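Working notes, structure below.
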Amino acid sequence: MDEQFYRMKRLPPYVIAEVNAMRHAARRDGQDIIDLGMGNPDQPPPQHVIDKLCEVASKPDAHGYSQSKGIPGLRRAQANYYERRFGVDLDPETEVVVTMGSKEGLASLANAITAPGDVVLAPNPSYPIHWFGFIIAGATIRAVPTTPDEEYWQSLESAMNYTVPRPSVLVVSYPSNPTAETVDLAFYERLVAWAKENRVWVLSDLAYSELYYDGNPTPSIMQVKGAKDVAVEFTSMSKTYSMAGWRMGFAVGNQELIAALTRVKSYLDYGAFTPIQAAACAALNGPQDIVETNRDLYRKRRDVMVEAFGRAGWEVPAPSASMFAWAPLPPALVDMGSLEFSKQLLTEAQVAVAPGVGYGEKGEGYVRIAMVENEQRLRQAARNIKRYLASLGINAPSS
């Protein structure tokens, strides 16, 4: 039936959903599945944030419609975050808007600024909303690499020289989901200069801004002088404060783009539940212990996973940021493809991962591993994987 609807025709089957359905079925059958597929934090928010939610929710006048663009205190809190973390000055009235997670914000902005037939540059592989938010809005996507090397810049130049109509928007996301690649401030400086020269809007997704390791804080494109002329940036409280289900995010930057996003949202929603926005203020303005705690938690999980999976016979590169590892398939199983490998890992090892092809055809040959289970479960996953690989004649390295 979907084929009769125009926009449904433009959406391919969601490959990752196939593995998710298998995972749900296995759990329904009583199997103990170690879920490393979805980036769903397993820790709660700080207690003072939960307390603030309950406090405000208990007030009789807190249950009406909220503000679509976000309550003023929350927009000020986000502006203060950018000032203390990045040294960036933002006007909370004109340069900040609250979104229902960065995913909704990206999709709403795509609808605000995209006309049918527009060309948008987006990385491949990438998080699906970076493509499909614009596809739903009627745009055509031209892929650029995710890895920020010289091939990336050559791809941008080629796209501008040989695409009709010329691309009008570029999506970037570092730390990358799914690849966990990062960039430095010099990359953003070059990108802002390129965007100004080519009259292209830049949409930066910085959802994993605080999950960096090895002492290398992730920069923001907003730190570049003149970035506000061409860019907006999306952030999320999902991973930083373990508030994924609360759906709290932000867009900041260029006033014209923020105004367009705010206007579209005014037609689509009445804003997040006011007690949730108040609790988000408490998270941003209150003690920041959880930020370092979560960073340390994921770093330790990363180290355990890389070591344990390696001993099991599967070499997984250590990510320098984000809550994901981007792992090439074991060399002997490359021909299997990422989707079939993910299915077999689920059925034979009871470990769920996300097939790389679900993030674009350039993701083939990889899987994304989310570090959302504790260290004990990660070691159990490694033991299960070791048995699975041994059943295929792939033995773990001798210690």
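The values are calculated or read from the model by the stated rules, or taken from the named source; none is laboratory data. Bear in mind the structure is a predicted one, so any value in this text is a computation, not a measurement. Glycine also receives a Cβ, built like all others from the backbone with ideal geometry; neighbour counts cover every protein chain displayed. We work out accessible area using only protein heavy atoms, side chains counted, and drop any ligands, DNA or RNA first. Shrake-Rupley method; radii C 1.70, N 1.55, O 1.52, S 1.80 Å.
Some points to look at:
- Isotropically averaged projected area of the stretch 28-93, using the convex hull of Cα atoms (one quarter of hull area), nm²: 8.5 nm²
- Semi-axis lengths, Å, the chain, gyration tensor of Cα atoms, sqrt of 5 times eigenvalues: 34, 27, 21
- For the stretch 235-308, dividing the convex hull volume of the Cα atoms by the residue count gives 127 Å³ per residue.
- Top positive-direction residue, dipole computed over the chain with Cβ charges, set Thr218, Ser66, Leu106: Ser66
- Share, in percent, of DSSP beta bridges within the chain that are antiparallel, nearest 5: 50 percent
- For a straight C-alpha distance cut-off of 17 angstrom, the lysines reachable from Lys239 (same-chain residues fewer than eight places away being disregarded) are Lys103, Lys300.
- For the stretch 1-77, a simple Cβ point-charge model (Lys and Arg +1, Asp and Glu -1, everything else neutral) yields a dipole of about 500 debye relative to the Cα centre.
- Here the stretch 311-357 and the stretch 106-137 have alpha carbon centers that stand 28 Å from each other.
- Rounded to the nearest 20, the Cβ-based charge dipole of the stretch 251-399 about its Cα centre (Lys and Arg +1, Asp and Glu -1) stands at 280 debye.
- Isotropically averaged projected area of the stretch 1-44, using the convex hull of Cα atoms (one quarter of hull area), nm²: 5.0 nm²
- For the chain, the carbon plus sulfur part of the accessible surface works out to 52%, probe radius 1.4 Å.
- By the helix-only formula, in which each DSSP H run with n ≥ 4 contributes -39500 (n - 2.57) and the sum is divided by residues, the chain has a 222 nm mean residue ellipticity of -13500 deg cm²/dmol.
- In this structure, the residue pairs whose Cα-Cα separation is over 29 Å, taken from Lys69/Lys196; Lys225/Lys362; Lys9/Lys196, are Lys225/Lys362; Lys9/Lys196.
- Ranking Asn80, Leu297, Phe5 by how far each Cα lies toward the positive end of the dipole of the chain (charges on Cβ) leaves Phe5 at the top.
- List His48, His130, ordered by accessible area with a 1.4 Å probe, largest first: His48, His130
- Cα-Cα pairs of the stretch 339-399 separated by more than 12 Å (percent): 70 percent
- Positive end of the dipole of the stretch 248-399 (Cβ unit charges, origin at the Cα centre): among Val334, Phe273, Ala396, the Cα lying farthest that way belongs to Ala396.
- With protein chains left intact and a 1.4 Å probe, residues in the stretch 334-399 average 46 Å² of accessible area per residue.
- Size of charge dipole - the stretch 71-141 - debye, nearest 20, with Cβ of Lys, Arg +1 and Asp, Glu -1, no other charges: 240 debye
- Coarse-grained scattering of the stretch 170-236 at q = 0.26, 0.27 Å⁻¹, given as base-10 log I(q)/I(0) from a Debye sum over alpha-carbon atoms: -1.18, -1.25
- Its convex hull of Cα atoms gives the stretch 211-254 a direction-averaged projected area, equal to a quarter of the hull surface, of 3.7 nm².
- In the chain, the sites counted are GluC sites (Glu not before Pro) in DSSP loop states with at most 16 other Cβ atoms within 10 Å, and the longest stretch holding none of them, exclusive of the sites, is 94-314.
- For the chain, the relative contact order comes to 24 percent (Cα pairs under 8 Å, sequence separation of at least 6).
- All-pairs Cα distance distribution in the stretch 265-306, expressed in whole percent, bin size 5 Å: 6, 17, 14, 14, 13, 12, 11, 9, 4, 1
- Straight-line cross-link reach from Lys386 at under 18 Å between alpha-carbon atoms covers these lysines, not counting any fewer than eight positions away in the same chain: Lys343.
- For the stretch 1-97, trypsin sites (Lys or Arg not before Pro) meeting the loop criterion (DSSP other than H, G, I, E, B) and having at most 14 other Cβ atoms within 10 Å: Arg10.
- Overall dimensions of the stretch 196-272 by Cα: Rg and Dmax, Å: 14.3, 44
- Applying D = kT/(6 pi eta Rh) to the stretch 255-399, where Rh is the Kirkwood radius over alpha-carbon pairs, T corresponds to 4 °C and eta to 1.567 mPa s, the Stokes-Einstein value obtained is 72 µm²/s.
- Calculated on the Cα set of the stretch 105-187, radius of gyration then Dmax: 12.5, 34 Å.
- P(r) weight above 24 Å for the stretch 1-124, C-alpha pairs, percent: 59 percent
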